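Report on one structure; see the data block that follows.
The values are calculated or read from the model by the stated rules, or taken from the named source; none is laboratory data. Given the structure is predicted, the values throughout are model-derived calculations rather than measurements. Don't worry about glycine lacking a Cβ; one is built from the backbone with ideal geometry, like all the others, and counts go over all protein chains shown.
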Amino acid sequence: MRASLVPFVRTVAVSVLFLSGITLVTLAPTMAIGAAESNASGVSLSASAVRPLSSAKALGWEFVEPVAVASDGTHVWVVNSLRYSVTELVASTGALVRVISGSSYRFDGPDAVALGGNHVWVANLNGNSVTELSASTGALVKVIRGSSCRFGWPDGIASDGTHVWVANYDGNSVTELSASTGALVKVISSSSDGFDGPEGIALGGTHLWVANYDGSSVTELSASTGALVRVISGSSYGFAWPKGIASDGTHVWVTNEGGNSAVTELSASTAALVRVISGES
């Protein structure tokens with residue numbers, strides 16, 4: 001089982017992502033943060049000066065361990081796990097729109113983000129809650145929590161604008177909510193579902209796909225009923241700590257943290273293996 005995310009000051013490593021001509025700095029916990037310097041090409045780091053983690057806000061975008069991202073094609077929303085915030089960007093330019101943070105949002109180890117209609121949904125891993133935002137303004141709509149939802153380290157989230165599905169890593173379950181009210185629809189949890197540390201969840205057509213990190217498997221569900229369609233596992237799929245998952249309704253892609261760090265592609269209609277994509281021979 002993974003350790004819970006706890007905010008604390010530690011050193012970070014720096015990697016650089018180029019997005020539409022703008023240089024963005026991503027911070028991952030391994031070495032010290034250098035001083036931020038702005039220039040025409042973007043943001044760079046100087047190793048000559050060392051700043052504590054709290055100074056990372058000077059970078060503007062406020063990226064501190066960005067762990068999840070979602071986009072509607074016009075804007076991009078990035079969840080910052082250690083900063084307890086959400087950064088919104090312009091998709092075409094990478095320009096900053098706003099940084100959403102504050103105690104009212106109840107961000108607590110935010111670890112996943114999804115779009116549905118005009119709303120942004122954030123799963124708070126440590127807080128066992130879901131924060132709903134207005135996609136157009138970033139304003140808080142509501143914070144959903146409570147024992148009836150059975151959130152247990154919510155680590156994945158998906159929405160079609162009508163419903164919201166939350167994968168609970170520690171609860172080995174999926175919680176379904178009404179997108180319009182935030183009310184509980186159902187909790188999907190059965191030994192036959194094969195949930196074993198579910199982390200990623202994606203909607204593709206009429207099916208839900210859940211990546212089981214600990215079980216090295218994928219569970220396929222009916223989105224309308226929550227009924228089990230199948231559990232997909234086996235060495236040929238290359239599943240090894242599957243974490244991220246996405247689908248366009250025709251194919252399903254699964255990222256694997258373990259093994260050869262491969263991406264597994266499946267047929268959405270049959271769940272048959274299409275290919276295992278790996279940089280290693």
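Examine the range 176-191 for a residue that is more than 21 Å from Ser224 (Cα to Cα) and modelled with pLDDT of 95 or more, and state whether such a residue exists.
We begin by selecting, within the range 176-191, every residue more than 21 Å from Ser224 (Cα to Cα); these are none.
For the range 176-191, residues more than 21 Å from Ser224 (Cα to Cα) and modelled with pLDDT of 95 or more: absent.
What residue, of Val86, Val25, Val67, Val50, is surrounded by 13 or more Cβ atoms within 10 Å (Cβ to Cβ), at pLDDT 95 or above and part of a strand (DSSP E or B)?
Result: Val86 is the single residue among Val86, Val25, Val67, Val50 that is surrounded by 13 or more Cβ atoms within 10 Å (Cβ to Cβ), at pLDDT 95 or above and part of a strand (DSSP E or B).
Could you list, in sequence order, the residues of the range 151-178 that are in a loop (DSSP other than H, G, I, E, B) and surrounded by 20 or more Cβ atoms within 10 Å (Cβ to Cβ)? Show your work before the answer.
Here is the first cut: in the range 151-178, the residues in a loop (DSSP other than H, G, I, E, B) are 151-153, 160-162, 169-172.
Those that are in a loop (DSSP other than H, G, I, E, B) and surrounded by 20 or more Cβ atoms within 10 Å (Cβ to Cβ): Phe151, Trp153, Tyr169, Gly171, Asn172.
Any residue at all in the range 193-207 that's touching a Ser or Thr at 6+ places or on another chain (Cβ under 7 Å) and farther than 21 Å from Val166 by Cβ?
no
Please specify each residue of the range 188-241 satisfying the condition of being out of contact with any His (no Cβ under 8 Å at 6 or more places or on another chain), assigned to a strand (DSSP E or B) and surrounded by fewer than 17 Cβ atoms within 10 Å (Cβ to Cβ).
Residues satisfying the conditions are Leu228, Arg230.
I need a count of the residues in the range 89-122 that are assigned to a strand (DSSP E or B), of a type in the set (Phe, Trp, Tyr) and touching a Gly at 6+ places or on another chain (Cβ under 8 Å). Walk me through how you get there before you give the answer.
Within the range 89-122, the subset assigned to a strand (DSSP E or B) is 89-90, 96-100, 110-116, 119-122.
Within this subset, residues satisfying the condition of being of a type in the set (Phe, Trp, Tyr) are 121.
Pick out the ones that are also touching a Gly at 6+ places or on another chain (Cβ under 8 Å) and you get none.
Within the range 89-122, residues that are assigned to a strand (DSSP E or B), of a type in the set (Phe, Trp, Tyr) and touching a Gly at 6+ places or on another chain (Cβ under 8 Å) number 0.
Of all residues in the range 134-145, how many are touching a residue at least 24 places away in the same chain (Cβ under 8 Å) and either under 23 Å from Ile245 (Cβ atoms) or not in a strand (DSSP E or B) (or both)?
Final tally of qualifying residues: 4.
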